[in-house]
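FYI, it's all coordinate maths here, none of it is from the lab. Computed from a predicted structure; not experimentally measured. For neighbour counting, all protein chains shown are included, and Cβ atoms are generated from backbone atoms with ideal geometry for every residue, glycine included.
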């Protein structure tokens, strides 16, 4: 956001990032982004609030943040040498009300990694607090063979899509 010229404050809402029974991964990302945006907007009704949630989707199974080292190893082993989807739900709220909501999806393909590479990556600690146990920016980029779609979506916030939604609901916020 800073690189795109926005001045902002990061606020972490007290939202539990759990799936609802029968909910698909894409809808989960959308719902969580709405809940986050509304929670912060309720506390700051004069502010324009952007809520976002990024979830890795492996054959319909959500890979959120790993619980521990073993969970991170499990995730990276499953992602190894195959493709998955990354869904980022984004919501824009003002006055406690969602003004826009969207989901951006990007396909990511991991290269084939050796057991040693996987263990080394997890031991580096770069996998924690990241959906799917990796971040494409930094050294996590070495895991990824190919990205089809928005790179910034995989980072966690699809900036072009966000800009388009902001222009639609709050054009006064968007100035080049």
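List of remarks:
- FRET efficiency estimate (nearest 0.05) - Cβ-Cβ, residue 155 to residue 16, R0 25 angstrom: 0.60
- Spatial extent of the chain: Rg and Dmax, with the Cα atoms as the point set, Å: 16.6, 51
- For the range 35-86, alpha-carbon Rg and Dmax in angstrom: 15.8, 46
- Alpha-carbon centroid distance for the pair the range 23-39 / the range 126-146, whole angstrom: 22 Å
- Residue exposure sequence - 157, 32, 142 - by fewest surrounding Cβ within 10 Å: 142, 157, 32
- Cα convex hull of the range 95-165 - mean projected area over all directions, nm²: 6.0 nm²
- Residues 109, 7 arranged by fewest to most Cβ contacts within 10 Å: 7, 109
- Mean Cα-pair separation over length for the range 1-54, i.e. relative contact order, pairs under 8 Å, 6 or more apart, %: 31 percent
- Most mobile of 114, 41, 83 in a GNM of the chain (Cα contacts under 10 Å): 114
- Average Cα contact separation per residue, the chain, under 8 Å, 6 or more apart, as relative contact order %: 22 percent
- Arranged from fewest to most other beta-carbon atoms within 10 Å of their beta carbon, 8, 121 become 8, 121.
- Rounded FRET efficiency, nearest 0.05, which uses the C-beta distance separating residue 168 from residue 124 and R0 of 45 Å: 0.65
- Relative packing of 24-30, 51-57, which averages over residues the other C-beta atoms within 10 Å, highest first: 51-57, 24-30
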